[in-house]
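The structure under discussion appears below in the form of structure tokens.
The values are calculated or read from the model by the stated rules, or taken from the named source; none is laboratory data. Not measured: the values here are computed from a predicted model. Heads up, the Cβs are rebuilt from the backbone with ideal geometry, glycines too, and the neighbour counts pull from every protein chain shown.
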Amino acid sequence: MKTKSEMQKEMFKFEIEKISKKSKARTGMITTPHGKVKTPAFIPVATFGVIKGGLDFKDYQKTKTQCQITNTFHFIDLDRTKEVEKIGGLHKFFNCNKPIFTDSGGFQVFSLGKGAEFGLGKIGSIFPEQRRREKPSNSLVKRINDRGVHFKSPRDGREIWLTPESSALAQKELGADFIYLFDVCGSPLDGKKTTKEEMELSHEWFKRFLNTKISSNQRIFGIIQGGIYRDLRIKSTEFVNDLDVFGIAIGGALGKKKEDMYKTISWVNEKIDWQKPHHLLGIGDLDVMEKIIKLGIDLFDCALPTRIARHGMALTSKGPIDLKKSILKDKFKPLDRNCDCFVCQNYTQAQINFFFKAKEQIAGRLLTIHNLYFIETLLEKIREKIAENKF
Ligand SMILES: [Zn+2]
């Protein structure tokens, strides 16, 4: 008979299935009590527990998404983590029967702090719409010290202290399958001295986080720090390898251009534990997807595919199309003839263009369903290619 700890170990597994002979790409399977995730996998962002765009749970089934990531900070800001726990966690609260990830709030240390201040993404230039501001605007991060991070609430301005312990407790209350250690996500503008301090502070916080009790139905991802500095990345990779965690995420700033990010991942790859799933945090737009998979990334999350959908952009096999352009009004054809999603089977470009012109909410919902389905289909093909050694 299996012991309790053996049974608990089996509830969560990462099994590597096929490793490419041509690159570091691999296919695998993550098993959780709420289902399985085939890797490499895209994790859609569900900021407040639901994917933005007005999708209900029936729409989710039309997207083929395998899992989702939710932002702990926003549940703390709304003061709802305890309420979610009383109902039985995010899965019950949102009627979601898929694996759920929650981040720790570490990303908001950047996005509401230096990111907001200078209008930056995690890679200085990766989001062209977020051009760097000349004059810093107001940061909502008031102070970072040994204790944790002092935020000003973006909603009502009240004081929020996030610490390794309070992040762990909030993520326990939300009850996701996978939770993340609380870190200081640095900025692409940080110099080496600041990056080193942020890394050392994060490492201290990781130890405190791991000493805080979470649920036995949860597993943890550690986060590698070190910005764009090779020695720091290697040091942090070795530190995270030694922690008792299920998976390893690559966090922190990733440089000023995509090439910096690829270089950073290759440094991490020198030391990273290859038996664990690797998650590249906050990056997943189409033009980097193949390259990061070839660098051994198993999981990636990004708000971009759903955000651009709400702004009228459809991803297609012939490149993105802007459904807000009225030139499309005569096009009685689907978004993509090669796509067999619910939207492409039932709606034409002309109809969706009309919905955008009329400012009907269904417009963003339809494009969100299509974009997610499009990415999932693309990943299915990539996984097949890896398995056949053709990737
Ligand atoms: Zn489609």
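Just to check your reading of the model, which residue among Thr212, Thr194 is hydroxyl-bearing (Ser, Thr, Tyr) and farther than 28 Å from Thr31 by Cα?
Working: Thr212 fails: farther than 28 Å from Thr31 by Cα.
None of the other options fit; the residue is Thr194.
Just one of the listed residues (Lys86, Lys92, Lys114, Lys82) is modelled with pLDDT of 95 or more, over 21 Å from Glu165 (Cα atoms) and part of a helix (DSSP H, G or I), namely Lys92.
For the range 376-386, the criterion of being touching a strand residue (DSSP E or B) at 6+ places or on another chain (Cβ under 6 Å) and within 11 Å of the ligand (Cβ to nearest atom) is satisfied by no residue at all.
Find the residue count for the range 361-375, including only residues that are in a helix (DSSP H, G or I) and either away from the ligand (no atom under 15 Å from the Cβ) or of a type in the set (Val, Ile, Thr) (or both). So that I can check it myself, show each step before the final result.
Applying the first criterion (in a helix (DSSP H, G or I)) to the range 361-375 yields 362-375.
Add one more test, that the residue is either away from the ligand (no atom under 15 Å from the Cβ) or of a type in the set (Val, Ile, Thr) (or both), and what stays is 362, 368-369, 375.
Residues in the range 361-375 being in a helix (DSSP H, G or I) and either away from the ligand (no atom under 15 Å from the Cβ) or of a type in the set (Val, Ile, Thr) (or both): 4 in total.
Going by the structure shown, is Gly255 modelled with pLDDT under 95 and more than 16 Å from the ligand (Cβ to nearest atom)? The answer is yes for Gly255.
Yes/no per residue for (1) within 17 Å of the chain's Cα centre (by Cα); (2) closer than 29 Å to Gly49 by Cβ; (3) crowded, with 18+ Cβ neighbours inside 10 Å; (4) not aromatic (Phe, Trp, Tyr):
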position	(1), (2), (3), (4)
Glu173	no, yes, yes, yes
Tyr180	yes, yes, yes, no
Lys193	no, no, no, yes
Glu200	no, no, no, yes
Phe209	no, yes, yes, no
Gln218	no, yes, yes, yes
Ile224	yes, yes, yes, yes
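Is it true that Gly296 is of a type in the set (Gly, Ala, Ser), assigned to a loop (DSSP other than H, G, I, E, B) and either assigned by TED's automatic domain parsing to the domain that holds Ile179 or under 30 Å from Phe101 (Cα atoms) (or both)? Here the answer is yes, as Gly296 does meet what is asked.
Considering only residues that are of a type in the set (D, E, K, R) and under 25 Å from Leu379 (Cα atoms), look in the range 311-327 and name the one that is farthest from the ligand (Cβ to nearest atom).
First pass over the range 311-327, keeping only residues of a type in the set (D, E, K, R): 318, 322, 324-325.
In the following step, the residues that additionally are under 25 Å from Leu379 (Cα atoms) were identified as 318, 322.
Details: Lys318: 13, Asp322: 16 Å.
Taking the candidates together, the pick is Asp322.
Scanning the range 328-360 for residues that are within 15 Å of the ligand (Cβ to nearest atom), in a loop (DSSP other than H, G, I, E, B) and loosely packed, with under 13 Cβ neighbours inside 10 Å gives Lys333, Arg337, Asn338, Asp340. Restricting the first member to the range 332-344 and to residues that are without any contact (Cβ under 8 Å) to a residue 24 or more places away in the chain, and the second to residues that are of a type outside the set (Phe, Trp, Tyr) and within 7 Å of the ligand (Cβ to nearest atom), the beta-carbon pairs closer than 7 Å and six or more apart or on different chains are Pro334/Cys344.
Tell me, which residue of the range 302-314 that is out of contact with any Lys or Arg (no Cβ under 8 Å at 6 or more places or on another chain) and crowded, with 22+ Cβ neighbours inside 10 Å is farthest from Gly247 (Cα to Cα)? Ranking the qualifying residues of the range 302-314, first place goes to Ala314.
Here is a yes/no grid of residues against (1) part of a helix (DSSP H, G or I); (2) without any contact (Cβ under 8 Å) to a residue 24 or more places away in the chain:
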residue: Asp183; (1), (2): no, no
residue: Pro188; (1), (2): no, no
residue: Thr194; (1), (2): yes, yes
residue: Ser215; (1), (2): no, no
residue: Ile228; (1), (2): no, no
residue: Asp231; (1), (2): yes, yes
residue: Thr237; (1), (2): yes, no
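With respect to being touching a strand residue (DSSP E or B) at 6+ places or on another chain (Cβ under 7 Å), outside the structural domain of Lys52 (by TED's automatic domain parsing), farther than 28 Å from Thr102 by Cβ and of a type in the set (Asp, Glu), Asp330 falls outside the description.
Any residue that is more than 18 Å from the chain's Cα centre (by Cα) and at pLDDT 90 or above - is there at least one of those in the range 40-53? Checked the range 40-53: no residue is more than 18 Å from the chain's Cα centre (by Cα) and at pLDDT 90 or above. Can you confirm whether Asp298 is in contact (Cβ under 8 Å) with a residue 40 or more places away in the chain, closer than 26 Å to Gly284 by Cα and more than 13 Å from the ligand (Cβ to nearest atom)? When the stated conditions are applied, Asp298 passes them.
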